[in-house]
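Read through the structure below, which is laid out as structure tokens, and then see the notes.
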Amino acid sequence: MIADKNKLIHTFGALAELSQEVTGRTSFPETMRTSLHLISGSLGIMRGGVAKYSRFARELNLVAARGLGDEFPLAMSLSDEDERQFLSSGLYPIEISHARVLPYIQIYGASFDKRKIELLVPLIVQEEMVGAMFLGEKASGETYSSYDKEVICAMGRHIGVAISQRNLMEELERRADENRKLYEELHTTYTDTVKAFAAAIDCKDKYTEGHSVRVGKYSEIIASELGWSESEIEGAAVAGYLHDVGKLTVDRRIINAPYRINAKESAELNRHPGVGYEILMPIRHPFTDVPLAAKYHHERIDGRGYPDGLYDKDIPYIAKIVNLADSFDAMTTDRPYKRRRGASDVISDLTSNSGTQFAPELVSAFLKGMFRELTCDAKDKRFRRLLGREYMEADGIIPAVQNALNGAAPAPITLAAVDASLS
Amino acid sequence: MPDLELGGPMAQPESSAVVSAGDYLNKLTGERVERECRDRLNSGCRNLVLDFGETEIVNSVGVSILLGVIDSAKGSGATVTLTGVNAPTIELFEMLGVTKHVDIT
């Protein structure tokens with residue numbers, strides 16, 4: 001009677017520890033090792049193992065073992081018949097000596113006999129097999145009693161739940177990984193589409209081939225100089241790539257006119273920001289301001305721009321960035337009616353229009369980026385790639401940028417200030 | 001009597017070694033005991049003495065680890081002796097059949 005009471009107390013303690021173990025934060029292999037120790041220690045079992053079942057591979061894979069030796073199979077295949085039999089057995093232990101007819105036991109029986117494995121316990125959770133336990137002889141030399149088997153069932157239920165939770169986690173991780181890959185693919189598709197659009201826009205204008213791509217790159221430089229996040233910088237680049245999408249609807253002869261266009265043609269051309277906005281608005285861009293950049297990239301902070309003549313704080317910040325990038329590219333590339341201007345001249349133009357056409361802090365950020373590339377050993381020669389080596393090595397470019405920066409010296413821009421200007 | 005205490009020099013092959021089971025033989029202590037016993041057996045020890053003099057409680061993990069040590073010792077042709085085991089622990093070991101595999105002094 002006292003022995004039975006002690007046995008119960010000992011088993012109860014092991015069960016309590018097992019519940020704690022499977023709901024704790026230890027790693028899965030550690031949980032399995034401890035669970036095996038608890039079941040062995042509660043009944044005095046000399047050796048054993050726990051295997052996780054892979055339904056896909058129809059395989060039991062050993063996840064914890066005690067005293068099974070190096071020759072015990074790490075992975076064991078199951079047949080349909082084995083699985084059916086194990087499922088019908090539920091959690092109740094199968095005595096290996098009574099199950100010799102099962103294909104599984106016929107294949108692996110020798111390994112079990114060698115390590116004196118007496119019981120096979122299928123681990124079933126919600127009518128699905130999630131694993132199995134192999135239990136060796138008892139230290140007492142006695143056969144397993146019905147009490148022992150009940151204890152094994154109770155403990156097996158806990159261990160099965162732990163394996164099932166692990167399976168769920170693996171499934172979640174797999175799905176999260178798939179979603180991540182899908183998102184990356186979609187993102188690549190979006191970026192490629194944006195670039196294809198930029199190329200299509202640029203095809204309309206033989207003199208400004210590559211303009212949209214360059215405006216995208218300059219916008220990217222400005223955003224990165226402002227200390228924006230990776231995603232925000234990408235958004236600025238996309239806004240630059242697509243800022244002229246409205247030009248797709250403008251007559252090619254107007255875009256390519258080798259002369260200064262007249263008022264009527266100018267009115268036609270000046271429709272492109274609004275048209276661009278209409279084109280881009282229905283698209284669900286990952287970056288919110290892309291349509292606004294197209295619509296307002298010809299606005300000036302002194303209110304003399306178009307289409308709406310907005311003033312400084314009313315102009316979306318992204319549109320100010322694209323405006324600077326667009327103007328810089330217009331000045332530094334050959335046009336039908338005008339050749340590209342020299343670097344010092346362009347820098348002087350940016351400075352003199354800072355505060356009227358351009359936001360001063362953007363001119364400063366842009367020139368800082370250029371100055372860093374000119375004077376430091378910057379790995380990424382962004383300006384040189386866009387403007388050419390000769391242009392960037394022109395005499396007087398460094399002092400010109402330096403003077404412009406000394407003269408401008410605006411207050412450093414912060415993202416908080418950007419938000420304030422947008423609100 | 002053991003001729004080498006725990007933590008003693010390992011350069012010479014040991015015929016006998018004493019490993020302390022600590023005050024509470026559980027997962028934490030058990031892993032240390034298991035490691036020390038394995039080292040002793042690997043270095044040639046043929047009579048492993050587990051000192052339970054300070055051990056008040058042994059839980060299920062502790063029993064399992066002890067059975068593992070006994071199994072390893074058997075595989076190496078070594079004997080296991082338990083010393084200083086208190087009455088409740090002896091009762092537990094008898095109930096689980098541990099005493100059939102060890103000498104208790």
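The simple Förster model, with R0 at 35 Å and r as the Cβ-Cβ distance, assigns A:THR193 and A:LYS379 a FRET efficiency of 0.75. Measure up A:LYS204/A:LYS379; A:LYS313/A:LYS381; A:LYS114/B:LYS27; A:LYS338/A:LYS368; A:LYS181/A:LYS204 against 31 Å on the Cα-Cα distance and list the ones that go over. Those over the limit are A:LYS204/A:LYS379; A:LYS313/A:LYS381; A:LYS181/A:LYS204. Rolling a 1.4 angstrom probe over the protein heavy atoms with all chains in place gives segment A:204-266 an accessible area of 44 Å² per residue. Relative to the longest principal axis of the Cα atoms of chain A, the long axis of helix A:397-408 lies at roughly 90 degrees. Note on A:GLU83 and A:SER111: the model spin-label points, each 7 Å out from Cα along the C-beta direction, lie 1.9 nm apart.
Can you return the aspartates and glutamates within cross-link range of A:LYS149? Criterion is Cα-Cα under 16 Å, with same-chain partners fewer than 8 residues away left out. Output for A:LYS149: A:ASP4, A:GLU95, A:GLU118, A:GLU137.
Ballpark to the nearest 100 Å², how much total accessible area do B and A bury together, probe 1.4 Å?
Values: alone 5790 and 22020 Å², together 26130 Å².
Looking at B and A, the buried total is near 1700 Å².
On segment A:217-259, 49 percent of the accessible area sits on carbon and sulfur atoms, based on a 1.4 Å probe. Placing R0 at 56 angstrom, the Cβ-Cβ distance between B:ASN86 and A:ALA176 gives a FRET efficiency of 0.60 after rounding to 0.05. Note on A:LYS320: lysines with a C-alpha under 16 Å away, same-chain residues under 8 apart excluded, are A:LYS217, A:LYS295. Taking all protein chains together and rolling a 1.4 Å probe, A:TYR311 ends up with roughly 140 Å² accessible. For segment A:136-205, the fraction of alpha-carbon pairs lying more than 16 Å apart is 73 percent, rounded to a whole number. Remark on B:ASN47: its backbone amide H falls under 5 Å from those of B:SER16, B:ALA17, B:THR79, a criterion applied only to residues 5 or more positions apart or on other chains, H modelled at 1.01 Å from N. Would you give the gap between the C-alpha center of segment A:78-96 and the C-alpha center of segment A:162-195, rounded to a whole Å? Each part reduced to its Cα centre gives a spacing of 35 Å.
Eigen-decomposition of the gyration tensor built on the alpha-carbon atoms of chain A gives equivalent ellipsoid semi-axes of 76, 23, 19 angstrom, largest listed first. Extension gain, A:SER54-A:ASP251: 0.36 nm per intervening residue step, less the Cα-Cα distance, totals 64.5 nm.
Of the residues A:LYS138, A:LYS7, A:LYS116, ranked by 1.4 Å probe accessible area with the largest first, the sequence reads A:LYS116, A:LYS7, A:LYS138. What the phi angles of segment A:313-321 give under the Karplus curve with 6.51, -1.76 and 1.60, with θ = phi - 60°, is a coupling list of 6, 7, 7, x, 4, 4, 5, 5, 5 Hz, glycine and proline written as x. Considering chain A as a Gaussian network with a 10 Å cut-off on Cα pairs, which listed residue, A:GLU185, A:GLU30, A:GLU234, attains the greatest mean-square fluctuation? In this elastic network of chain A, the residue with the biggest mean-square fluctuation among A:GLU185, A:GLU30, A:GLU234 is A:GLU30.
Considering only A:PHE28, A:PHE358, A:PHE328, the mean-square fluctuation computed in a Gaussian network model of chain A, springs between alpha carbons under 10 angstrom, is largest for A:PHE28.
Among complete DSSP H helices in chain B, those whose alpha-carbon atoms stretch at least 18 Å along the helix's long axis and whose mean Kyte-Doolittle hydropathy reaches 0.5 are B:60-75. Phi-derived couplings, Karplus 6.51 cos²θ - 1.76 cosθ + 1.60 at θ = phi - 60°, listed residue by residue for segment A:241-248: 4, 9, 4, 9, 4, x, 5, 4 Hz, with x used for Gly and Pro.
For the segment A:364-372, counting C-beta atoms of other chains within 10 Å of every residue's C-beta and taking the mean gives 0. Taking the average, over residues, of other Cβ atoms within 10 Å as the packing measure, peptides A:362-368, A:396-402 rank A:362-368, A:396-402 from highest down.
By how many degrees, between 0 and 90 and to the nearest 10, does the Cα long axis of helix A:211-225 differ from the longest principal axis of chain A? In chain A, helix A:211-225 runs at an angle near 70 degrees to the longest axis.
Over segment A:188-278, the ratio between the Cα radius of gyration and 2.2 N^0.38 Å evaluates to 1.17. The largest accessible area among A:ASP82, A:ASP113, B:ASP71 belongs to the first residue in A:ASP113, B:ASP71, A:ASP82, and the rest follow in falling order (1.4 Å probe, all chains). Structural descriptor for chain A: relative contact order 10 percent, calculated from alpha carbon pairs under 8 angstrom and at least 6 residues apart.
Taking a virtual spin label 7 Å from the Cα of A:PHE12 along the C-beta vector, which residues in segment A:35-49 bring their backbone nitrogen under 20 Å of it? So the set is A:38-44. Between B:LEU28 and B:THR79, the simple spin-label model (points 7 angstrom out along Cα→Cβ) gives 3.5 nm. Based on alpha-carbon atoms, the Kirkwood radius and the radius of gyration of segment A:213-256 give Rg/Rh equal to 1.16.
Taking 7 Å steps out from each Cα toward its Cβ at A:THR23 and A:ILE398 produces label points 7.0 nm apart. With a 1.4 Å probe rolled over the protein heavy atoms of all chains, the accessible area of A:LYS149, A:LYS114 falls in the order A:LYS114, A:LYS149, largest first. Remark: mean inter-chain Cβ contacts per residue of B:62-72 equal 6, using a 10 Å Cβ-Cβ cutoff to other protein chain atoms.
Over the C-alpha trace of segment A:22-154, radius of gyration and Dmax come out as 13.8, 41 angstrom.
The values are calculated or read from the model by the stated rules, or taken from the named source; none is laboratory data. As the structure is a computational prediction, the values presented were derived from the model and not from experiment. Neighbour counts run over all protein chains shown; Cβ positions are idealised from the backbone, glycine included. Ligands, DNA and RNA are stripped out before the accessible areas are found, and what is left, the full protein with its side chains, is counted by its heavy atoms. Shrake-Rupley method; radii C 1.70, N 1.55, O 1.52, S 1.80 Å.
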